[in-house]
1. Would you point out the residue of the stretch 232-283, among those that are among the polar types (S, T, N, Q) and within 17 Å of Arg143 (Cβ to Cβ), that is surrounded by the most Cβ atoms within 10 Å (Cβ to Cβ)?
2. Does Leu108 fit the bill of being in contact (Cβ under 8 Å) with a residue 24 or more places away in the chain and surrounded by fewer than 23 Cβ atoms within 10 Å (Cβ to Cβ)?
3. Given the condition surrounded by 21 or more Cβ atoms within 10 Å (Cβ to Cβ), in contact (Cβ under 8 Å) with a residue 24 or more places away in the chain and either in contact with a Phe, Trp or Tyr (Cβ under 6 Å, 6 or more places away or on another chain) or of a type in the set (Phe, Trp, Tyr) (or both), answer yes or no: does some residue in the stretch 219-231 qualify?
4. How many residues are over 16 Å from the mean Cα position of the chain (by Cα) and either buried (at least 18 other Cβ atoms within 10 Å of the Cβ) or assigned to a helix (DSSP H, G or I) (or both) if we restrict to the stretch 201-218?
5. Could you tell me whether the stretch 84-101 includes any residue that is buried (at least 24 other Cβ atoms within 10 Å of the Cβ) and free of Cβ contacts under 8 Å to residues at least 60 places away in the same chain?
6. What are the residues in the stretch 142-152 that are buried (at least 21 other Cβ atoms within 10 Å of the Cβ) and among the hydrophobic types (A, V, I, L, M, F, W, C), if any?
7. Yes or no: Ala45 among the small types (Gly, Ala, Ser) and free of Cβ contacts under 8 Å to residues at least 40 places away in the same chain?
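The values are calculated or read from the model by the stated rules, or taken from the named source; none is laboratory data. These numbers were taken from a predicted model, which means no experiment stands behind them. All Cβ positions, glycine included, derive from the backbone under ideal geometry; neighbour counts span all protein chains shown.
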Amino acid sequence: MQSTLVLTAVAMLAFAANSLLAREALGSLSIEAAGYTAVRLISGACVLYGLMRTGGSAAQREVARLPGDWWAATALFVYALAFSAAYLSLGAATGALILFSSVQSSMLAVGLMRGDRPSLREQIGFAVAFAAFVYLILPGVGRPDLGGSLLMIASGGAWAVYTLRGRGSRDPIGETAGNFVRASVFCLPLAIFALLYETITIPGLALALGSGIFASGLGYAIWYRALRGLTTFRAALLQLSVPVIASLGAILFLGERLTLHFVMAGALVLGGIAFAILAKQTRAV
């Protein structure tokens, strides 16, 4: 149990670090969205493929036997590209809040489409979270960029699709590696475009590699290891800590200032989603 808690804490820090690294790199334009996405996914693919080859079974180590599928890889690519583009105009804290709110909301929406009827408490949680989310992104003073917000919502939706594709996986590390390798194929045109037309500096490259190798590659590997000791309910609830960690990191390392508007809206969004998840868990017991 203690090892699960340590692994979970490290994974949540890695997820939050993705937002901080992306904002630092893309906000300063030391690298641009296409180049950042290509470096992140390709370097992450190298790390995960290496882990699969050295730590898997004999079947997993066969080069011809690459787990994963192209649909999941497409969702992963859309997530990463929209994520990078969104951080051209969003702060780290705001982006993380929108991303993880979108992921959890999309997962819950899929349950509704599959016939899961929400209880009154779940409906209240959804309504509070949605109203607060609309309040967060409505145009006005102190509101986040609408275009960036919509891109991050799309990124969260794509990540939810990717997560749902991987549910019940018997080989999460192998399938994640396979999906990253496949997504890297989509990144080749981005890499060529970035080399020809975009600005790529050494600091920007280093930040993108940090995101791909550590926050994404190793971070996802650690998270999947932690999931063995977590229920789906706890995993969903724990991920809501990422925007909070990202907010603290944005204040400490990026000099961002959190407005009262953001704090109020963020607390209501996360509180509403958490309330709905708790209600769903209670109904399932």
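1. Ser247
2. Details: in contact (Cβ under 8 Å) with a residue 24 or more places away in the chain: yes; surrounded by fewer than 23 Cβ atoms within 10 Å (Cβ to Cβ): yes.
The answer is yes for Leu108.
3. Yes: the stretch 219-231 contains one or more residues that are surrounded by 21 or more Cβ atoms within 10 Å (Cβ to Cβ), in contact (Cβ under 8 Å) with a residue 24 or more places away in the chain and either in contact with a Phe, Trp or Tyr (Cβ under 6 Å, 6 or more places away or on another chain) or of a type in the set (Phe, Trp, Tyr) (or both).
4. 7
5. The answer is yes, given that some residue of the stretch 84-101 is buried (at least 24 other Cβ atoms within 10 Å of the Cβ) and free of Cβ contacts under 8 Å to residues at least 60 places away in the same chain.
6. Result: Leu151, Met152.
7. Details: among the small types (Gly, Ala, Ser): yes; free of Cβ contacts under 8 Å to residues at least 40 places away in the same chain: no.
For Ala45, the condition - among the small types (Gly, Ala, Ser) and free of Cβ contacts under 8 Å to residues at least 40 places away in the same chain - is not met.
The rows are residues; the columns are (1) of a type outside the set (Gly, Ala, Ser); (2) at pLDDT 80 or above; (3) more than 19 Å from Leu238 (Cβ to Cβ); (4) in a helix (DSSP H, G or I).
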position	(1), (2), (3), (4)
Phe130	yes, yes, yes, yes
Gly147	no, yes, yes, yes
Ser155	no, yes, yes, yes
Ala160	no, yes, no, yes
Arg167	yes, no, no, no
Arg170	yes, no, yes, no
